[in-house]
Amino acid sequence: MIGIILPSAFFSGKRPCLFADFNHYKDLAEQYGTDICFFSLQELKKDSPLVEALVYSPIHKQTEKKTIALPQINLVRNTSYIRDRQIVGKIKILQNKNFYFLNLPLIEQANKLKNCEFLQQFSDVKEHVPATKQLSFAHLNELINLYQKVIIKPLFGSKGRNITTIEKEANKYRIMQTSPGNKHRNAKISAPPKVVSILDTQLKSFYDNNFPRPTSFLVQQWIWLKNDQGLPFDLRAIVQRNGHNKWQLTSRVARVAGEKDRITNISQGGKMVSLSELKLKKKDRAKIRALSLKLAQCFAIIYPWSAEMGFDLALDRQGKLWYLETNFCPEKVRPETIYKIPFAYAYFLLVKQAEK
Ligand SMILES: Nc1ncnc2c1ncn2[C@@H]1O[C@H](COP(=O)(O)OP(=O)(O)OP(=O)(O)O)[C@@H](O)[C@H]1O
Ligand SMILES: [Mg+2]
């Protein structure tokens with residue numbers, strides 16, 4: 001039996017679109033000839049190996065609500081990081097008892113600084129990671145002096161919110177800040193960034209006013225992104241473990257910034273573009289593939305249950321490929337990548353367990 005963990009909204013009927021998920025998994029259960037059961041993370045109990053679930057048997061073609069033993073292999077259909085400490089605590093206890101929760105994106109994995117630092121130990125990867133440090137006034141100065149331009153990001157930021165770029169010019173700094181996005185958290189497009197210039201003597205007061213809690217930010221070398229008709233772009237590559245337990249590159253897209261000088265997030269006015277539209281060279285595509293697969297192998301060491309990762313990568317103007325960040329719940333659009341490949345990997349693990 002494979003457990004499928006769905007958002008609790010599925011069970012309360014609040015999100016009818018999630019019923020499509022149910023049918024996709026039912027088809028896969030039939031194809032593989034395995035029972036499946038559905039439940040939400042809220043149903044898990046730390047001190048009991050039992051769970052109340054909706055069980056589907058492809059032989060009887062029936063769905064039944066019952067209390068069953070928690071399956072050993074569970075696949076999480078999740079689209080956002082799990083922040084609830086109680087749930088995280090329960091899951092850790094169960095993981096220690098050898099229950100698998102595939103594609104479970106814990107919030108601690110989203111720490112951009114920790115992930116950049118982790119990559120430093122891999123000699124063939126570290127040259128692709130921009131210089132990155134925890135934010136402090138000393139580190140800010142150090143990196144600005146080395147690279148002329150830096151980016152300051154929240155360790156747990158998303159959607160390009162609350163990002164500051166600082167560029168050194170003759171005797172001033174040009175600063176751009178995206179909105180923190182608290183007011184319109186669900187708005188698709190954030191307000192345009194604020195742009196200011198300050199004298200170099202004003203940098204300390206700017207820093208003190210804007211970063212009262214610097215330990216929740218990182219400062220990073222700015223990468224001068226390659227342009228498409230003057231507009232900078234970066235890349236999102238998704239890799240997933242497949243039914244043969246092999247990492248596979250399953251999606252690659254580019255995001256072109258809405259204006260020159262801007263970051264590329266869609267929520268900051270960027271536009272999704274296919275690699276063929278960009279006319280990216282074969283050589284560059286091969287580099288993207290090779291680095292993405294290597295990155296997945298590295299992160300699998302510390303996040304062994306994460307069978308999918310989305311990497312933000314960027315080519316600079318010299319054609320060098322850089323790592324920007326990892327997303328452990330990357331947005332996917334094709335049924336193949338949303339359901340089929342993760343299920344095939346879960347089935348691979350189920351068979352392996354049965355052989356033990
Ligand atoms: N070192 C860098 N040099 C140049 N541009 C960068 C750099 N780091 C980030 N950017 C730009 O800023 C954007 C946002 O940065 P990043 O992807 O790290 O955070 P995020 O998009 O807010 O997080 P998430 O992708 O999880 O929503 C990138 O897509 C890229 O356009
Ligand atoms: Mg990003």
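Residues of region 189-244 that are at pLDDT 95 or above, open to solvent by less than 70 Å² (accessible area, probe 1.4 Å), outside any strand (DSSP E or B) and within 21 Å of Ala257 (Cα to Cα): Trp222, Ile223. Just to be sure before I move on: is Ile91 outside the structural domain of Met309 (by TED's automatic domain parsing), assigned to a helix (DSSP H, G or I), touching a helix residue (DSSP H, G or I) at 6+ places or on another chain (Cβ under 9 Å) and within 23 Å of Lys352 (Cβ to Cβ) in the structure I sent? Considered against the rule, which asks whether it is outside the structural domain of Met309 (by TED's automatic domain parsing), assigned to a helix (DSSP H, G or I), touching a helix residue (DSSP H, G or I) at 6+ places or on another chain (Cβ under 9 Å) and within 23 Å of Lys352 (Cβ to Cβ), Ile91 comes out as yes. Restricting Glu325, Glu336, Glu308 to those that are modelled with pLDDT of 95 or more, farther than 24 Å from Ala131 by Cβ, among the charged types (D, E, K, R) and within 16 Å of ligand 1 (Cβ to nearest atom) reduces the list to Glu308. Would you mind stating whether Asn141 is within 27 Å of Leu313 (Cα to Cα) and either in contact (Cβ under 8 Å) with a residue 60 or more places away in the chain or not assigned by TED's automatic domain parsing to the domain that holds Asn115 (or both)? So Asn141 passes the test. Test Lys153 against the stated conditions and say whether it is within 24 Å of Leu295 (Cα to Cα) and surrounded by fewer than 16 Cβ atoms within 10 Å (Cβ to Cβ). Taking the combined requirement at face value, the residue does not satisfy it. As a summary of the residue check, Gln268 satisfies the conditions (1) in contact with a strand residue (DSSP E or B) (Cβ under 8 Å, 6 or more places away or on another chain); (2) within 12 Å of ligand 1 (Cβ to nearest atom) except for the one numbered (1).
When you look at Asp312, is it of a type in the set (Asp, Glu) and in contact with an Asp or Glu (Cβ under 7 Å, 6 or more places away or on another chain), yes or no? The answer is yes for Asp312.
Within region 301-309, at least one residue is assigned to a strand (DSSP E or B) and either touching a helix residue (DSSP H, G or I) at 6+ places or on another chain (Cβ under 9 Å) or open to solvent by 30 Å² or more (accessible area, probe 1.4 Å) (or both). Restricting the first member to region 190-217 and to residues that are acidic (Asp, Glu), and the second to residues that are assigned to a loop (DSSP other than H, G, I, E, B), the beta-carbon pairs closer than 8 Å and six or more apart or on different chains are Asp200/Asn171.
The values are calculated or read from the model by the stated rules, or taken from the named source; none is laboratory data. These numbers come from a predicted model, not from an experiment. Here the Cβ is made from the backbone with ideal geometry for all residues, glycine too, and neighbour counts use every protein chain on show. In case anyone asks, the SASA skips ligands and DNA or RNA and just uses the protein heavy atoms, side chains included. Shrake-Rupley method; radii C 1.70, N 1.55, O 1.52, S 1.80 Å.
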